[in-house]
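The values are calculated or read from the model by the stated rules, or taken from the named source; none is laboratory data. These numbers come from a predicted model, not from an experiment. Ideal geometry is used to build each Cβ from the backbone, glycine not excepted, and the neighbour counts take in all protein chains shown. These area figures cover heavy atoms from the full protein model, side chains too; ligands, DNA and RNA do not enter into them. Shrake-Rupley method; radii C 1.70, N 1.55, O 1.52, S 1.80 Å.
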Amino acid sequence: MKFLKPVITSLLDSLRDLLPIILVIGFFQMVILQQPIPNFGEILVGIIFVVIGLTLFVQGLNMGLFPIGETMAHAFASKGSLTWLLLFAFALGFGTTVAEPALIAVAGEAANVAAIGNMIENNEQSRESYAFGLRITVAISVGFAIVIGVFRIIKGWPIQYLIIGGYMGVVVMTIFAPKEIIGIAYDSGGVTTSTITVPLVTALGVGLASSIKGRNPMIDGFGLIAFASLTPMIFVMAYGMVV
């Protein structure tokens with residue numbers, strides 16, 4: 001019974017979080033469109049799967065990803081090696097981004113559109129090469145972003161100046177980048193901060209700020225995700241200029 005109680009609580013929390021979406025879709029389908037919901041049985045089963053999956057995902061974050069991120073941040077801070085800490089930060093940003101399902105999907109779609117628009121040859125090898133290059137570019141940019149974020153935490157630099165400078169760079173590059181790549185670049189900033197990257201990177205920042213004397217986890221620990229959203233836009237536009 002002690003084991004079932006938190007599971008039931010998590011399921012109810014997930015259902016509560018999804019309820020607004022269900023109500024909105026139901027309202028527009030029944031009241032505005034005035035049509036019955038198609039394949040209601042399949043949709044209901046799908047909603048149940050989503051509730052179960054969301055519950056397991058949140059529990060997995062709390063049990064696995066958040067603790068390991070904070071633990072490793074504490075360990076590297078205690079070791080006192082800046083080089084290894086920055087290498088770990090880059091590897092973490094790169095590795096989590098390469099594994100992002102959203103990025104894989106967007107890169108594949110971008111390659112298909114590029115092939116249809118005659119930007120690249122319309123064959124499987126060219127599409128795969130374009131998508132792979134885009135994924136690697138974004139992953140490198142996120143790794144670079146996490147390094148900057150970690151260095152900022154160590155030095156105690158104000159985040160707003162770095163963010164303002166970064167977005168000024170985005171605006172300038174938008175003027176010179178090929179128009180076909182601008183939308184993809186802007187979307188890349190969003191898809192990188194998804195299911196795998198956000199928990200580990202957030203835990204790294206909070207754990208590192210907690211381990212350094214004089215740093216406030218609330219003030220200094222957060223902000224890494226902002227860098228992870230910013231740098232892909234710059235790197236992908238540069239990738240578009242080169243490719």
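Quick rundown of the values:
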| read-out | value |
| --- | --- |
| Most mobile of Val50, Val31, Val98 in a GNM of the chain (Cα contacts under 10 Å) | Val31 |
| Residue-averaged 222 nm ellipticity for the chain, from DSSP H runs of 4+ at -39500 (n - 2.57), nearest 500 | -27000 deg cm²/dmol |
| Around Val51: net Lys/Arg minus Asp/Glu count, Cβ-Cβ under 13 Å | -1 |
| Positive-pole candidate from Ile22, Met63, Thr96, dipole of the range 1-99, charges at beta carbon | Met63 |
| Choice from Thr231, Thr71, Thr197 with maximal GNM fluctuation in the chain (Cα, 10 Å cutoff) | Thr71 |
| Given (1) 24, 21, 18; (2) 32, 26, 20; (3) 33, 30, 16, the label whose value is semi-axes √(5λ) of the Cα gyration tensor in Å derived from this model | (3) |
| By accessible area with a 1.4 Å probe, ligands and nucleic acids excluded, highest first: order of Ile104, Ile182 | Ile104, Ile182 |
| Max mean-square fluctuation residue, GNM over the chain, Cα-Cα springs under 10 Å, options Ile159, Ile146, Ile37 | Ile37 |
| Percentage relative contact order, the range 77-170, counting C-alpha pairs under 8 Å, at least six apart | 37 |
| Accessible surface of the chain [probe 1.4 Å, protein heavy atoms]: carbon and sulfur percent | 72 |
| Mean-position separation - Cα centroids, the range 144-206 and the range 47-77, in angstrom | 23 |
| Karplus 3J(HN,Hα) series, Hz, for the range 207-223 with 6.51 cos²θ - 1.76 cosθ + 1.60 (x for Gly, Pro) | x, 5, 5, 6, 8, 9, 5, x, 9, 9, x, 6, 8, 9, x, 9, x |
| Proximal aspartates and glutamates relative to Lys5, as straight alpha-carbon distance under 18 Å, when same-chain residues fewer than 8 apart are discounted | Asp13 |
| Where Trp84, Trp157 fall by accessible area, highest first, once all protein chains stay in place (1.4 Å) | Trp84, Trp157 |
| For the chain, accessible area per residue (1.4 Å probe, heavy atoms of protein chains only), Å² | 57 |
| Taking the chain and dividing mean pair separation by its residue count, relative contact order in percent (alpha carbons under 8 Å, at least six apart) | 25 |
| Accessible area in the full protein assembly, largest first, 1.4 Å probe, for Ser129, Ser211, Ser78, Ser141 | Ser78, Ser129, Ser211, Ser141 |
